Structures are given as C-alpha cells and as structure tokens.
Amino acid sequence: MVSSLENTTQQPCPLIVFDGVCVLCHAAVRFIDRHDSRQQLKVVPLQSELGQYLQQQFDINLLHNNTIMVISESGVFTRSAALFAIAGYLDRPWCWLRGFRWLPRGLNDCLYEQLARRRYRLFGRYEQCRMPALTLRTRLLENIEQLDELQSLISSARSGKH
C-alpha cells in the first residue's frame, strides 16, 4: 500500500513548509493544489508541530528569514530556489516558470525577498493558522506522529541541502 506521504511512484512526496497565517501563502497553496494534478506535493504549516520540528531539523527560522522551505530527496530549498523546485512539479504551462532559475540567484532572491517582506502589508494575515479547504486536506501534514514516514525524506534532504 502506498503511504499518504508517497506519490504513485512510491517516492517520498516533497514537502512545502509555508507560513500558515499568511494570506498570500494560502493563495499559493491553493494554486499548487489546482496545478499539481499528480498530487506530488504535500504542505506543512510552519506554525504546526511538524513545521516547528522541520525548522529545527534544518536550522532554518522561516518567519525570521521570510521564506518558505521545500524539502525533497534532492535537498532543502528556500527563497527563489524553493519556488523553482515547486514549479517543477506543476502542470504545464506553470512548470515552465522553472526556466527562470537560470537568472542570477541573487536577482531571483532579491525579488523574492522584496515581496516576502511586504506580504502581510500587501495581502494581509490571518489571526491564526487557517484550516485548509477540504480538497487540500489530503496534502496537509501537521502532526509529529507523521514523522516516522518522513525520516527517509529528511535523511535524503540533509545529504543534498542547498
């Protein structure tokens, strides 16, 4: 039987750790849900118990650094590299956005950070981490009890950390 943390090829699904109170981040997760028809990506609110644990494991304070984190077998990605990693899993034409990763990383990260720093002011924030729509709940991971199923992904990501 395929675990909820594996896709149909039985490889661990990449995890997106996102700011669960950010309106823009929630919109991005809904976008991912609509355009990842193969259900390859899982999402973890950083305010959840599992999100806190993952931040500690990779020594990344997502709120302080204004970033999201993608954990995959290839490594751990933040800022613009995380966006390009996500784009690679999306349906066409959205997967083509990954081509922008060939621009200088400093430029991509600068643009990312400008938006990330202003995201609450421009888009708002929720008072508490919102429960996602019913369609998103199959992608959502929050509980530390799910950690056993994630150990192989965490080990692989550590060896390829970016």
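The values are calculated or read from the model by the stated rules, or taken from the named source; none is laboratory data. These numbers were taken from a predicted model, which means no experiment stands behind them. Cβ coordinates were reconstructed from backbone atoms using ideal geometry, including for glycine residues, and neighbour counts include every protein chain displayed.
Observations on the structure shown:
- Test set (1) touching a strand residue (DSSP E or B) at 6+ places or on another chain (Cβ under 8 Å); (2) modelled with pLDDT of 75 or more; (3) among the acidic types (Asp, Glu) - GLU142 fails condition number: (2)
- Residue within the range 94-104 that is assigned to a helix (DSSP H, G or I), closer than 19 Å to LEU15 by Cα and at pLDDT below 80 present: no
- Selected residue (criterion: nearest to the chain's Cα centre (by Cα)) from residues of the range 13-47 that are crowded, with 18+ Cβ neighbours inside 10 Å and of a type in the set (Val, Ile, Thr): ILE16
- Per the conditions (1) within 27 Å of ARG38 (Cβ to Cβ); (2) more than 18 Å from the chain's Cα centre (by Cα), the sole criterion not satisfied by GLN114 is (1).
- Cβ-Cβ contacts under 6 Å between residues 6 or more apart (or on different chains), taken from a first residue in the range 91-119 that is surrounded by 14 or more Cβ atoms within 10 Å (Cβ to Cβ) to a second residue that is of a type in the set (A, V, I, L, M, F, W, C) and part of a helix (DSSP H, G or I), are listed as CYS95/ALA87; LEU97/ALA87; ARG98/PHE84; ARG98/ALA87; ARG101/PHE84; ARG119/LEU24.
Let's see how each residue does on (1) modelled with pLDDT of 85 or more; (2) under 24 Å from ARG105 (Cβ atoms):
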residue	(1), (2)
GLN10	no, no
LEU24	yes, yes
PHE31	yes, yes
LEU41	yes, yes
PHE58	yes, yes
THR67	no, yes
SER72	yes, yes
VAL76	yes, yes
TYR89	yes, yes
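- Total residues in the range 65-90, condition closer than 15 Å to VAL43 by Cβ, outside any loop (DSSP other than H, G, I, E, B), touching a residue at least 60 places away in the same chain (Cβ under 8 Å) and not β-branched (Val, Ile, Thr): 4
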